[in-house]
């Protein structure tokens, strides 16, 4: 084996075993998989009984420490499995889906903005003047009350909100009262059409509200707690976007590509580029994913290795960059999964 003069080896002769965080992450993924595949109570009772019997066997054999670790991992598996079952297979009585119908109905909804704000513009190009799409403001709202036919009731769940006007004053974490047309998210109308309903369902969004004017939006006092964290993340994302735009022409295609691939923010003139990527089957490259985060962390590790030769400092540099990325990038399942696995790898 070749050794550097500094004493560092290119190949670690004693690779480390996965740490406790890696085991918990694997247990969580196994639990979610169990929750997705199984829904019979008999299966759960059998697995729980088998886990308890195995733990008792380990205690009898004098391996109490290993038994405690096994119980923690088993509890993690069953906890995440039950969480998946409750959140995906059982609909709460006050869920907004309980009030939605196939036809639009006028409602008043109160809730908090929990997603980044997206501004859409009319289509450009030779046929742009014939486009029926108007400028719009889109975001996801976490509902807490709904007023329908004059009756005010509690509500829960997320809904997609579209205001058919641009409103730059709206920001993440704001608490709003909106009045608009409420309905279920529609599926595809033509064969081969992109299924937005399935895409939104993966984000646990099944309803939408359309507002004709910003006059139908009333701003309420925003509470603290979790909304303060959302506003802090929005502030960090906004300043990161401004820093990325330094020295680049505003609303350019180059800036739009950098924003969407590094920060998950759609900006710049990407309408023609979206269509071109979609025609060649590469539209997924314009949507930030775990692969983007993995490439960024790999480059960060390479830069950390150039800056310092101490592995612990290299890992902490990567961890700081990982935490910053998870703050400024929109929360999505691929990003969260990649972040968890990267954290497990570091520790």
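Only the coordinates and a few stated rules stand behind these numbers; no lab work does. The shown structure was predicted, so the numbers you read here are calculated from the model rather than taken from an experiment. Every residue, glycine among them, receives a Cβ derived from its backbone with ideal geometry; neighbour counts consider all protein chains shown.
Quick notes
- Sequence of 254, 102 once ranked by neighbouring C-beta atoms within 10 Å, starting from the fewest: 102, 254
- Here the residues 57, 182, ranked from fewest to most Cβ neighbours within 10 Å of their Cβ, fall in the order 57, 182.
- Residue exposure sequence - 325, 346, 236 - by fewest surrounding Cβ within 10 Å: 236, 346, 325
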